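Okay, structure first, notes after.
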Amino acid sequence: MKRLALAASLALPLLFGCIDYEVCTTHYSGGEDAGELWSVRYLREERPHRPWVAWHRNARAALYTNYAGGKRDGTWRTYDADGRLLFERSYLDDLPSGEWKRFWRDGKPYESGRFERGLKVGTWKRYGPGGALLEEAGFYEGRYQGERRLYDMDGRLLRSERYLAGVLQE
């Protein structure tokens, strides 16, 4: 029922005749939920357009995405079947852009960092399942830059490396 209500709200422009895109839906096949709505997508001139939404079989959101003119755009979110956020990322003009965050199933951070024009920039961090920092590295234009630190599962420093334009320095 929740999926039906959301699908209806996403399709409101149809009712007012202000639509210049095609609304596409897919449904589950087989099993007791056969025929249940699985996703709602929009196409303009046969290219992805506007928000796209998909659901798990239990009717919880699985994926929220957005497109503009056939290109990925805005914030995308991925959830597990229990509703926990697993991945949040942003796009601009079809390229990764802005903050990217991934999470373990318990909600603790797995990885975080930034993209600019599709390339990793700034500090990226990766964490173990228990929450300990495993890696911290600087990036510039998609390549390691500056210090990269690697830690064990208890958070103890294993080694530190220095990079210049992606090349390990001795």
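A few remarks follow.
- Ala81 under 30 Å from Glu22 (Cα atoms), at pLDDT below 95 and in a strand (DSSP E or B): no
- Check on Ser90, of a type in the set (S, T, N, Q), closer than 23 Å to Pro48 by Cβ and part of a strand (DSSP E or B): yes
- Of all residues in the range 41-75, none satisfies the criterion of being of a type in the set (Val, Ile, Thr), open to solvent by 30 Å² or more (accessible area, probe 1.4 Å) and closer than 21 Å to His27 by Cβ.
- Taken over the range 126-146, the residue count meeting the criterion of being out of contact with any Lys or Arg (no Cβ under 6 Å at 6 or more places or on another chain) and either more than 20 Å from Arg105 (Cβ to Cβ) or open to solvent by 70 Å² or more (accessible area, probe 1.4 Å) (or both) is 8.
- The range 147-170 - residue that is of a type in the set (D, E, K, R) and in a loop (DSSP other than H, G, I, E, B) and, of those, surrounded by the most Cβ atoms within 10 Å (Cβ to Cβ): Asp152
- Restricted to the range 110-141, and to residues there that are of a type in the set (D, E, K, R) and not in a strand (DSSP E or B), the residue that is farthest from Glu88 (Cα to Cα) is Glu141.
- Number of residues in the range 73-107 that are basic (Lys, Arg) and either within 23 Å of Phe139 (Cα to Cα) or in contact (Cβ under 8 Å) with a residue 60 or more places away in the chain (or both): the value is 3.
- Yes/no for Val23 being in contact (Cβ under 8 Å) with a residue 40 or more places away in the chain, assigned to a strand (DSSP E or B) and touching a helix residue (DSSP H, G or I) at 6+ places or on another chain (Cβ under 7 Å): no
Conditions tested, residue by residue: (1) at pLDDT below 75; (2) out of contact with any Pro (no Cβ under 9 Å at 6 or more places or on another chain); (3) closer than 27 Å to Ala81 by Cβ.
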residue	(1), (2), (3)
Leu4	yes, yes, yes
Ala7	yes, yes, yes
Leu15	yes, yes, no
Ile19	yes, no, no
His27	no, yes, yes
Gly30	yes, yes, yes
Arg47	no, yes, no
Pro51	no, yes, yes
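- Residue in the range 84-102 that is among the polar types (S, T, N, Q) and out of contact with any Ser or Thr (no Cβ under 8 Å at 6 or more places or on another chain) present: no
- Some residue of the range 76-91 being touching a helix residue (DSSP H, G or I) at 6+ places or on another chain (Cβ under 7 Å) and either closer than 29 Å to Tyr110 by Cα or surrounded by 15 or more Cβ atoms within 10 Å (Cβ to Cβ) (or both): no
- Looking across the range 27-40, the residues that are surrounded by 14 or more Cβ atoms within 10 Å (Cβ to Cβ) and either touching a strand residue (DSSP E or B) at 6+ places or on another chain (Cβ under 7 Å) or closer than 19 Å to Arg102 by Cα (or both) come down to Tyr28, Glu36, Leu37, Trp38, Ser39, Val40.
The values are calculated or read from the model by the stated rules, or taken from the named source; none is laboratory data. The shown structure was predicted, so the numbers you read here are calculated from the model rather than taken from an experiment. Here the Cβ is made from the backbone with ideal geometry for all residues, glycine too, and neighbour counts use every protein chain on show. Accessible surface areas use protein heavy atoms only, side chains included; no ligands, DNA or RNA. Shrake-Rupley method; radii C 1.70, N 1.55, O 1.52, S 1.80 Å.
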